[in-house]
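As structure tokens, the structure follows; a few thoughts come after it.
The values are calculated or read from the model by the stated rules, or taken from the named source; none is laboratory data. Just so it is clear, the model here is predicted, and its values are computed rather than measured. Reconstructed Cβ throughout: ideal geometry from the backbone, glycine too, with neighbour counts over all protein chains shown.
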Amino acid sequence: MVSLAGGLPAAELYPIAEIQAAAQRALAKHGTAALEYGPVEGLPALRALIAQRISTETGGLFSSANVMLTTGAMQGLDLIGKVLLDEGDTIVAQSPTYLGALDAWRPRMPVYKKLDWTAPDTDALRTCKFAYAVPNYSNPTGVLVGQVCRSALLNDVLESGTWLVEDDPYRSLQFEGDPGPTILERYVAEHPGPYNGPIIYLGTVSKTLVPGLRVGWIVAESNIIQALALAKMSTDLSSSMFTQAVAFELLEAGFDKVHAQTIAPVYRERRDALCHEAALRLSPWFEWEIPVGGMFVWMRAKGNAINTDELYQFALDENVAFVPSSVFDFSGEDCFGMRLNFTRNSPALLREGIERLERAIRKYVSR
């Protein structure tokens with residue numbers, strides 16, 4: 001099986017030696033404290049470091065009171081649902097959207113309204129509990145949302161008085177150009193002083209370092225952090241102090257930024273290999289844009305001629321996997337697209353996967 005379905009980094013690029021050294025430093029520095037239960041909000045030193053980083057990156061004033069550490073950014077999404085959502089509440093979200101977010105909030109049975117980046121719906125925002133957006137190299141589409149659209153959404157969020165959840169796991173995986181300011185940064189530029197805004201910002205080391213550390217964070221105004229901490233207390237008491245201490249050693253040294261610059265050229269090469277092979281083999285049936293960062297290529301069937309839910313079984317028969325678009329749709333009705341991942345496999349395997357996918361498509365259309 002050649003899997004183009006996952007959303008995983010390249011395991012052969014994991015910085016094992018650096019993590020091993022960081023673990024030794026963490027144990028030497030923290031001793032048994034790194035192996036205990038810890039504060040539900042997370043390791044104080046790492047919270048302070050994240051606050052300092054966000055302050056430097058945005059020009060704002062953030063303190064540890066604005067930061068809570070989580071077991072990956074995924075736990076952050078779950079906790080936001082527990083704190084902000086009641087059954088049947090409305091979420092305004094980009095569509096297609098991240099499957100993990102849909103899964104995290106599914107138990108609350110929310111109602112979704114589509115976020116239109118070019119013309120946000122202020123009336124919908126007024127009646128929703130929060131808006132959800134992944135502006136940088138979004139999962140699943142790989143799209144980099146422009147700054148004009150970010151400003152429009154921010155203005156409408158401020159006008160409507162709702163929360164905005166800005167999920168930002170892929171920002172460092174940039175291949176061409178710079179993604180520009182986050183929405184949080186745009187808000188801070190217009191509202192100086194200690195942070196007390198409506199944006200709930202999520203980050204993680206899973207894409208820039210390794211997912212196995214399970215270290216993510218939420219940056220928000222302090223009252224929301226306190227409410228999220230109460231919800232987290234009943235979930236896991238505390239996340240791993242050990243992995244947070246290891247992450248602190250790596251982030252304090254700036255290694256995550258160095259490593260991102262190391263892996264980005266490799267991912268760019270793999271993106272190019274997938275897109276080049278797809279242009280040769282899949283273009284009669286699908287169209288796509290080449291992403292300028294992130295981990296995914298989003299393909300749409302021309303004229304909705306191919307149902308990718310049905311195509312999926314043909315692909316499995318050819319020993320290749322992708323993710324059908326229906327799982328990223330609020331209603332599950334969009335069956336004419338697919339997400340392909342390029343970060344996990346070598347260029348040779350990516351080319352083999354696309355060749356197998358072409359065979360699957362040909363069998364599907366000639367059935």
Only one of (1) at pLDDT 95 or above; (2) out of contact with any Pro (no Cβ under 7 Å at 6 or more places or on another chain); (3) within 29 Å of Glu269 (Cβ to Cβ) does not apply to Glu221, and that is (3)
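Yes/no matrix, rows are residues, columns are (1) of a type in the set (A, V, I, L, M, F, W, C); (2) touching a Cys at 6+ places or on another chain (Cβ under 6 Å); (3) closer than 20 Å to Gly332 by Cα:
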site	(1), (2), (3)
Ala65	yes, no, no
Ala73	yes, no, no
Asp78	no, no, no
Lys114	no, no, yes
Ala131	yes, no, yes
Residue pairs qualifying under the 8 Å Cβ cut-off, at least six apart or on distinct chains, with the first in region 315-338 being without any contact (Cβ under 8 Å) to a residue 24 or more places away in the chain and the second being part of a helix (DSSP H, G or I) and surrounded by 15 or more Cβ atoms within 10 Å (Cβ to Cβ), are Pro324/Thr308; Pro324/Asp309; Pro324/Leu311; Pro324/Tyr312; Ser326/Thr308; Ser326/Asp309; Gly332/Ser326; Glu333/Ser326
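Report yes if Gly203 is in contact (Cβ under 8 Å) with a residue 60 or more places away in the chain, at positive phi and not aromatic (Phe, Trp, Tyr), otherwise no. Explain how you work it out, then say what you get.
Numbers: in contact (Cβ under 8 Å) with a residue 60 or more places away in the chain: yes; at positive phi: no; not aromatic (Phe, Trp, Tyr): yes.
Here the answer is no, as Gly203 does not meet what is asked.
Keeping to region 323-335, report how many residues are within 11 Å of Trp298 (Cα to Cα) and not in a strand (DSSP E or B). Steps first, please.
Looking only at region 323-335, we keep the residues that are within 11 Å of Trp298 (Cα to Cα), and these are 323-325.
From the residues that got through so far, the ones that are not in a strand (DSSP E or B) too are 325.
Number of matching residues: 1.
Condition check ((1) buried (at least 20 other Cβ atoms within 10 Å of the Cβ); (2) outside the structural domain of Thr70 (by TED's automatic domain parsing); (3) touching an Asp or Glu at 6+ places or on another chain (Cβ under 8 Å)) across all residues:
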| residue | (1), (2), (3) |
| --- | --- |
| Glu190 | no, no, no |
| Tyr195 | yes, no, yes |
| Ile199 | yes, no, yes |
| Gly203 | yes, no, yes |
| Val210 | yes, no, no |
| Gly216 | yes, no, no |
| Val219 | yes, no, no |
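Matching residues to (1) aromatic (Phe, Trp, Tyr); (2) closer than 22 Å to Gly337 by Cβ; (3) more than 12 Å from the chain's Cα centre (by Cα):
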{"position": "Gly76", "(1), (2), (3)": "no, no, no"}
{"position": "Ala101", "(1), (2), (3)": "no, yes, no"}
{"position": "Pro107", "(1), (2), (3)": "no, no, yes"}
{"position": "Glu159", "(1), (2), (3)": "no, no, yes"}
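Matching residues to (1) outside the structural domain of Pro169 (by TED's automatic domain parsing); (2) under 18 Å from Glu289 (Cβ atoms); (3) surrounded by fewer than 16 Cβ atoms within 10 Å (Cβ to Cβ); (4) modelled with pLDDT under 95:
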{"site": "Val92", "(1), (2), (3), (4)": "no, no, no, no"}
{"site": "Ala101", "(1), (2), (3), (4)": "no, no, no, no"}
{"site": "Arg106", "(1), (2), (3), (4)": "no, no, yes, no"}
{"site": "Lys129", "(1), (2), (3), (4)": "no, no, no, no"}
{"site": "Leu144", "(1), (2), (3), (4)": "no, yes, no, no"}
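Restricting to region 107-121, name every residue that is in contact with a Gly (Cβ under 9 Å, 6 or more places away or on another chain) and charged (D, E, K, R). Before the answer, list the steps.
Taking region 107-121 first, the residues in contact with a Gly (Cβ under 9 Å, 6 or more places away or on another chain) are 107-111, 117.
Within region 107-121, just Arg108 meets the criteria.
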Within region 54-75, is even one residue crowded, with 21+ Cβ neighbours inside 10 Å, among the polar types (S, T, N, Q) and touching a Gly at 6+ places or on another chain (Cβ under 6 Å)? yes
Filtering region 172-185 down to residues that are in contact with a strand residue (DSSP E or B) (Cβ under 8 Å, 6 or more places away or on another chain) and part of a loop (DSSP other than H, G, I, E, B) yields Leu173, Phe175, Glu176, Pro179, Thr182
Residues of region 311-329 being touching a Ser or Thr at 6+ places or on another chain (Cβ under 6 Å) and either of a type in the set (A, V, I, L, M) or modelled with pLDDT under 95 (or both), in sequence order, are Ala321
